[in-house]
Structures are given as C-alpha cells and as structure tokens.
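First comes the structure, then the notes that go with it.
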Amino acid sequence: MRLVVAGDTELFELLVRRHQRPLVNYLYRMLGELEPAVDMAQEVFTKAYLALSRYDERYRFTTWLYRIASNSAIDHLRRRRLSTVSLDQPVHGPDGDITIELPSPGTSPAQELEYRETVRDLSQAMQALPASYRQLLLLRHAQHLRYDEIATVSRLPLGTVKNRIFRARVLLRRLLDEKNAPPSGGRP
C-alpha cells in the first residue's frame, strides 16, 4: 500500500484482485443481494482509489477498505429501509428460492438437508438482525477481523464493539431458538 500511495497506482489493481471476492462476499451478506453487492464493491474500490492520499499507514489496508465498505452498505440500507422478513417464510431471490449447495462427498441426503436448513435459518436470522449488529458479526466471523480492527472500521469504541457483538450473538441465538422451538398448543 505504501508503494500505491507513493504513486505506483498500477499496484492498486493487485489489491483489487486480492480483496474483491471477500469484499463482495461481505457486502452480499450485508445487503442480501448479489448484484448490488458487486456494484457496491466497485464503488468502494473507486472511493478507495480516489482517497489514496488520505490513507493512514497505521491501519491495515483491509481495515481501511472495510470501513469504506461498511459506510457504503449502511448508507445503502438506510436509504432502502429493508422490510422485515418472517423467519417462517423461505428466502426468495430473483431466480426462485435461495439455496446454498456445496459439494459434500460422504454425506447423506439427510445430512445435506439438515445443513441446508441450518444455513437457511442462519441466513434468515442474520437478515432479521439490525444492520448494525449484522455488520459487526459479519466483520468478526465472515471477514475474521479482530475486535480492534472492527472498532476502527465501525468507528465505535472497542468496549462497545465487544458488547454489541455479544448482544448480536445473544439475539441471533434467540432468533434461531424461536425458529426451532416446537409449536405451542400441541398435545400434552
């Protein structure tokens, strides 16, 4: 990054290639839609490139990049005002129900079904979280940032980051437990 800031802007392309996929993944999880995530990733890299002169070498490039991405995603979500989604309804994408299929040699169909249901439930529960909680959980668990890096990206005090991640996990667990609770009013 020092070379890029010093004027070797062709190296910026290397940074884009290195960070594009994880950044799109993060934005997809924040926004819940792939096309806007891809578009926003391009915007984030453009903003970063235009702001090279303001880059502070005390921070890692990824921390700086995810701060820009987080701000862009939160601004987008504020403008869009996401509607709430029932945890009892399937998640619908532009091409039908969204399912995640990963090759899993040696697993039974029952295990695959259970895995898909878990992923769907987790995805729905994540989308039901407030955007600020979802952002912190994704930065911590999907992007593997340290708490101090998350504090820098989110511009929150370290203690607040830790507290909100704890609360987000509790809320996520509660949403998942409610989803998996047996229906009330059943047989005695």
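Of the residues in the stretch 43-56, how many are closer than 15 Å to ASN71 by Cα and exposed (fewer than 14 other Cβ atoms within 10 Å of the Cβ)?
2
Scan the stretch 17-67 residue by residue and report those that are under 13 Å from the mean Cα position of the chain (by Cα) and not in a helix (DSSP H, G or I).
GLY32, GLU33
For ILE98, are the conditions met, namely being surrounded by 15 or more Cβ atoms within 10 Å (Cβ to Cβ), over 16 Å from the mean Cα position of the chain (by Cα) and either at pLDDT 95 or above or closer than 20 Å to LEU34 by Cα (or both)?
So ILE98 fits the description; yes.
Conditions (1) part of a helix (DSSP H, G or I); (2) at pLDDT 90 or above, marked per residue:
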{"site": "GLY106", "(1), (2)": "no, no"}
{"site": "GLU112", "(1), (2)": "yes, no"}
{"site": "GLN127", "(1), (2)": "yes, yes"}
{"site": "ILE150", "(1), (2)": "yes, yes"}
{"site": "ASN163", "(1), (2)": "yes, yes"}
{"site": "LEU175", "(1), (2)": "yes, yes"}
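Only one of these is modelled with pLDDT of 85 or more and either surrounded by 12 or more Cβ atoms within 10 Å (Cβ to Cβ) or of a type in the set (S, T, N, Q) (or both): TYR59, TYR28. Name it.
Every option except TYR28 fails the conditions.
Any idea which residue in the stretch 164-180 is farthest from the chain's Cα centre (by Cα), counting only those that are surrounded by fewer than 13 Cβ atoms within 10 Å (Cβ to Cβ) and of a type outside the set (Asp, Glu)?
Result: ASN180.
Any residue in the stretch 13-26 that is closer than 17 Å to LEU138 by Cβ sitting within a Cβ distance under 7 Å of a residue that is surrounded by 15 or more Cβ atoms within 10 Å (Cβ to Cβ) and among the polar types (S, T, N, Q)? List the pairs, counting only those 6 or more apart or interchain.
Qualifying pairs under 7 Å: HIS19/THR62; PRO22/GLN143; TYR26/GLN143.
Based on what the data block shows, is GLU10 within 30 Å of LYS179 (Cβ to Cβ), out of contact with any Phe, Trp or Tyr (no Cβ under 8 Å at 6 or more places or on another chain) and exposed (fewer than 12 other Cβ atoms within 10 Å of the Cβ)?
no
Test VAL38 against the stated conditions and say whether it is surrounded by 14 or more Cβ atoms within 10 Å (Cβ to Cβ), touching a helix residue (DSSP H, G or I) at 6+ places or on another chain (Cβ under 6 Å) and more than 20 Å from ARG155 (Cβ to Cβ).
Judged against the criteria, VAL38 is a match.
Which pairs have Cβ atoms under 7 Å, sit 6 or more apart or on different chains, and link a residue in the stretch 51-80 that is at negative phi to one that is among the hydroxyl-bearing types (Ser, Thr, Tyr) and in a loop (DSSP other than H, G, I, E, B)?
Every condition considered, the pairs that remain are TRP64/TYR55.
The values are calculated or read from the model by the stated rules, or taken from the named source; none is laboratory data. On a predicted model such as this, the values are computed, not experimentally measured, just so you know. Positions of Cβ are backbone-derived with ideal geometry, glycine not excepted, and every protein chain shown enters the neighbour counts.
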